[in-house]
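Peer 1: My structure is below; once you've seen it, I'll send some questions.
The values are calculated or read from the model by the stated rules, or taken from the named source; none is laboratory data. Keep in mind the model is a prediction, meaning the values are calculated, not measured. Every residue, glycine as well, gets a Cβ built from its backbone with ideal geometry; the counts of neighbours run over all protein chains shown. Heavy atoms of the whole protein, side chains included, go into the accessibility calculation; ligands, DNA and RNA do not. Shrake-Rupley method; radii C 1.70, N 1.55, O 1.52, S 1.80 Å.
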Amino acid sequence: MPKVFNVNGACKSSKHYMVNLKSRLQEIKMMIDDGEYFTIHKARQYGKTTILHALADFLKENYVVISLDFQKMSSSDFSDESAFVNGLAREISKVIRRMEQVIPHEVKIQLNNLADKQDGCSKLAEIFDYFSMWCEESCKPIVLMIDEVDTAANNQVFLDFLAQLRAYYLERDIIPTFQSVILAGVYDIRNIRRKLRTEKDHKTNSPWNIAADFLVDMNFSAGDIAGMLQLYEDDYQTGMDVHKMAELLYDYTSGYPYLVSRLCKFMDERITGKKGFSDRSSAWTKEGFLDALKLLLDETNPLYQSLKGKLEDYPELRRLLYDLLFTGKPVPYTAMNDAIEVASMFGFIKNVKGTAVISNRIFETVLYNWFMSEEYGSNKINSNNEAVPK
């Protein structure tokens, strides 16, 4: 079956055209080798799950990897401490059954028992005791990776779980514990109180303040894109200018992974065969790219819906983006500013020489059109109201 450009879920090199992740995986492994605990927090559809899957495979020769996804746990699993412990033990037991490595028999038994407990009395201390036992007896250091931690971020029990991880991290010279813990989500877990949106003075109070800075660039460079396109070109010999097409894609997307892949998918599957683009050779041109760009700007996709939701949830973010688009006034990029922090976390803006700018040309257009359509709708309503006799 031929490879495709993927925009739904994690990418697999055997099925999908992908950028080469090796240099990023090597950078992350260096952090793990150093025993760092950290968060991979990026905006929606930025390739977090893909990098975690690739990382688990990349590490398997040197580490035992426990790879979890909190989306597989139900809301009831976060209702209280006992339910969370039982649910976490259940998910880890599933992972253990798929592992190639030998797991200490006692650890297997105890985790299975904990998963099956129904008395409502399970404690975090219990499962951490089993973690410590496992880390002590394991033939390789253990890395814990948890994807979609945002699923749990509104729950106090998750903060308690982070506090336990922190406590074991601080005592790791005495108590056997994980070599590294990696949490992945949209929110920076160091500022998890922002997701809770409770008392303002608790916003930055986080038990995850042990986390190291994650500085690995998740954006695709023009070179990354060219490497992916070359794989496609090797399969189809379209005659495209690979490097010029890569530069064009980068120019409009600034390397946002979903946007790059979406445009490529359109050129491959929806532009090819369209009137004026009879084959792949004609689709993979600047003209074909511009047609794909129009499709992308005109559609409603999960990324745009997510961005719109954030504007509705965070009024300060909405005001910032409106000012950037319509006032023309430069806005200093100050990480201490709440609106700047939120906009950066969700991928709306980037820092260019100390000034906040919209992340890419596609977001600029989509946001501009959305704001303009809102103003049009508001003006039309006001106009209609004025026409109503008093």
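Peer 1: Gln164 to Ser306: FRET efficiency via 1/(1 + (r/R0)^6), r the Cβ-Cβ distance, R0 30 Å, to the nearest 0.05?
Peer 2: FRET efficiency, Gln164 to Ser306: 0.45.
Peer 1: Averaged per residue, what accessible surface does region 1-79 expose to a 1.4 Å probe, in Å²?
Peer 2: So region 1-79 comes to 49 Å² accessible per residue, rounded to a whole number.
Peer 1: Using just the Cα positions, wrap region 247-353 in a convex hull and report its mean projected area in square nanometres, one decimal place.
Peer 2: Value for region 247-353: 7.9 nm².
Peer 1: Still on this model: What is the P(r) of the chain, as percent of Cα-Cα pairs per 20 Å bin from 0?
Peer 2: Distribution as computed: 24, 50, 24, 2, 0 percent.
Peer 1: Further question: Give me the Kirkwood hydrodynamic radius of region 1-65 in Å, from all C-alpha pairs, to one decimal place?
Peer 2: Over region 1-65, the inverse of the mean reciprocal pair distance is 13.0 Å.
Peer 1: If you look at just the Cα atoms of region 67-196, how large are its Rg and its Dmax in Å?
Peer 2: Cα radius of gyration and Dmax of region 67-196 are 14.1, 41 Å respectively.
Peer 1: Carbon and sulfur together cover what percent of the accessible area of the chain at a 1.4 Å probe radius?
Peer 2: Looking at the chain in its full context, I get 48 percent from C and S.
Peer 1: Ok, one more. How much length is gained on full extension from Gln118 to Asn8, taking 0.36 nm per residue of separation minus their Cα-Cα distance?
Peer 2: Working it through step by step, the gained length comes to 35.9 nm.
Peer 1: Let me ask something else about it. Of all trypsin sites (Lys or Arg not before Pro) in region 204-282, which ones are in loop regions per DSSP and have a Cβ with at most 12 other Cβ atoms within 10 Å? Could the numbers behind the result be given before it?
Peer 2: Values: sites: Lys244, Arg262, Lys265, Arg270, Lys274, Lys275, Arg280; in loops: Lys274, Lys275.
Loop-located and lightly packed - Lys275.
Peer 1: I want the local charge near Val107. Using Cβ-Cβ distances under 11 Å, sum +1 for each Lys or Arg and -1 for each Asp or Glu among the other residues.
Peer 2: Net local charge, Val107 excluded: -3.
Peer 1: For the pairs Lys15/Lys274; Lys15/Lys275; Lys48/Lys310; Lys15/Lys48; Lys12/Lys310; Lys22/Lys42, note any where the Cα-Cα span goes beyond 21 Å.
Peer 2: From the list (Lys15/Lys274; Lys15/Lys275; Lys48/Lys310; Lys15/Lys48; Lys12/Lys310; Lys22/Lys42), the Cα-Cα distance tops 21 Å for Lys15/Lys274; Lys15/Lys275; Lys12/Lys310.
Peer 1: Roughly speaking, what is the stretch gain from Ala125 to Val352, that is 0.36 nm per residue apart minus the C-alpha to C-alpha distance, in nm to one decimal?
Peer 2: Numbers: separation 227, 0.36 × 227 = 81.72 nm, distance 4.58 nm.
Length gained between Ala125 and Val352: 77.1 nm.
Peer 1: Let me ask something additional. Which percent, to the nearest 5, of DSSP beta bridges fully inside the chain are antiparallel?
Peer 2: Numbers: 5 of 21 bridges.
Beta bridges within the chain, antiparallel portion: roughly 25 percent.
Peer 1: Taking the Cα centre of each part, how many Å lie between region 1-77 and region 147-190?
Peer 2: Here the two parts' Cα centres lie 18 Å apart.
Peer 1: Using helices alone, what [θ] at 222 nm do you get for the chain, with -39,500 (n - 2.57) per DSSP H run of 4 or more residues, divided over all residues and rounded to the nearest 500?
Peer 2: When only DSSP H runs of four or more count, the value is -16000 deg cm²/dmol.
Peer 1: Here is a follow-up. Using a Debye calculation, one point per C-alpha and no hydration shell, please list log10 I(q)/I(0) for region 145-187 at q = 0.22, 0.27, 0.28 Å⁻¹ in order.
Peer 2: -0.78, -0.99, -1.02
Peer 1: If Lys and Arg each add +1 and Asp and Glu each add -1, what is the summed charge of the other residues whose beta carbon sits under 10 Å from the beta carbon of Ser344?
Peer 2: Within the 10 Å Cβ shell, the charges total -1.
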